[in-house]
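Down below is the structure, laid out as structure tokens.
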Amino acid sequence: MQIPVHKTSVMQALQSAVARGYVWHVSGSVPAEKFLALEEKFAERYDTGLSRWQRCCQRRQGAAGVRFLAYPEQGTMRFLWWLLFTEGENAAFQQEHGRRQVSDKKGRLCWGTEFELVQLPTPNGKVSWSWRMTRERMQEWQDEIQAAIRTTRDDDAIKAVMARLVRLPGFKGVRQQVFELHRFAKDDWGRIRRKAKSWEPPARPGYVRFRSDETVLAAQVVQRVLVGQTPFGTESVGSERELPEEGAMPAVNENSQIGLPIPRGRDASRVLLIREAEQIRTFIAEHWSYESIRLWLLDRYGTTFDIPLPAFRERVRRALQTRAGSVLKGKAEAIQAVRVVDQAKEKESEPIKEHRLIWEERRTGRFLGSGTNVVHRKKLNRDELY
């Protein structure tokens, strides 16, 4: 599975799929270490790995088309995923009992708790699908604007909030909401800071254009998330610490013993448990209790492991399973590489067959197949050939 690099591209793909008849959906979030297993399950059950033309042929034959899209959630070690399917005969329509229709008010297709896909009217009297912010997210923006305007020491706070608004994806519904937030900010500014000079909000976000985006293999994205790096980047996994970017899980401090950054976030403990999997196995073999292991990690990494003991025990179990799976996969690849090298050496050590041509073979031009070296005793004579 290929995952687009930019968030806007995935939102465009979801919007386009719904407009083309994928009106039923099942969505959710999954930890990074379980994402590849979820993708494989959907591919086996519902044929989500088909190409665009194969899905088109299925729909012409009356079967339901199925699409699976996913994207790493900002600041966490989880993936947001969506399973879309159309009307028709398909295993997904029969087995996914929690399916919802996107036109239903209580079953809208959402991007976490930030955006939702709705139908908006157009100037020609029709409706079109577009993204807009949820009611909860709009309330959060209004609270941030009010707090920034009441910071009367300088205008940097309100300018920072407005700059973030401009960087939102410029879908039709989002642009309308940003305009409403600008009007809200202007009215609140005039009511709270009357003596200050008049303030005009910046322009709205730019329009979103459909484009072909760069994609990355899902396995590479999962691997980067599990080691605490940004989901997309040019450097190799496990390289030196990179500068924090928007959407990355912030990593502060640096462990001087291993030279790797210490992540901070809701799921940072999972990264550190996978990193320390070998040491944890050693402790378990020495009959350490889980509470002793947790205290050792708490002293090493700080409040990240200030969690209840049952939750810590479950996370350790999952981390050791993830680590064991990656090790076995690496060993299998190494064994396969050794087998290929051995086969090449055996092929080189085989004796070379030699065959000396007789006069009839030289005259007619018939030669043996590959693997045979032709040896001539002397230069060919014209009288012998004709």
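The values are calculated or read from the model by the stated rules, or taken from the named source; none is laboratory data. Just so you know, these numbers come straight off a predicted model, no measurement behind them. With ideal geometry, Cβ positions are generated from the backbone for all residues, glycine too; neighbour counts draw on all protein chains shown. The area values use the complete protein model at the heavy-atom level, side chains included, leaving out ligands, DNA and RNA. Shrake-Rupley method; radii C 1.70, N 1.55, O 1.52, S 1.80 Å.
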Hey, can you tell me all the residues within the stretch 20-43 that are under 29 Å from VAL271 (Cβ atoms) and among the charged types (D, E, K, R)? GLU33, LYS34, GLU39, GLU40, LYS41
Residues (closer than 23 Å to ALA218 by Cβ, free of Cβ contacts under 8 Å to residues at least 40 places away in the same chain and assigned to a strand (DSSP E or B)) located in the stretch 73-132: none
For the stretch 153-176, which residues satisfy the criterion of being closer than 21 Å to ARG209 by Cβ, open to solvent by less than 40 Å² (accessible area, probe 1.4 Å) and β-branched (Val, Ile, Thr)? VAL174
Please go through the stretch 1-60 and pick out each residue that is under 19 Å from ASP213 (Cβ atoms), of a type in the set (Lys, Arg) and more than 12 Å from the chain's Cα centre (by Cα). ARG20, ARG52
Is it the case that the stretch 193-216 has a residue that's in a helix (DSSP H, G or I), modelled with pLDDT of 75 or more and either closer than 30 Å to ALA13 by Cβ or in contact with a Lys or Arg (Cβ under 6 Å, 6 or more places away or on another chain) (or both)? no
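Okay, residues lined up against (1) under 28 Å from LEU168 (Cα atoms); (2) modelled with pLDDT of 80 or more; (3) surrounded by 12 or more Cβ atoms within 10 Å (Cβ to Cβ):
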{"residue": "VAL252", "(1), (2), (3)": "yes, no, no"}
{"residue": "SER256", "(1), (2), (3)": "no, no, no"}
{"residue": "GLY259", "(1), (2), (3)": "no, no, no"}
{"residue": "VAL271", "(1), (2), (3)": "no, yes, yes"}
{"residue": "GLU276", "(1), (2), (3)": "no, yes, yes"}
{"residue": "GLN279", "(1), (2), (3)": "no, yes, yes"}
{"residue": "LEU295", "(1), (2), (3)": "no, yes, yes"}
{"residue": "LEU298", "(1), (2), (3)": "no, yes, yes"}
All but one of (1) of a type in the set (Val, Ile, Thr); (2) within 23 Å of the chain's Cα centre (by Cα); (3) more than 30 Å from ALA319 (Cβ to Cβ) hold for THR86, so report the exception by its number. (2)
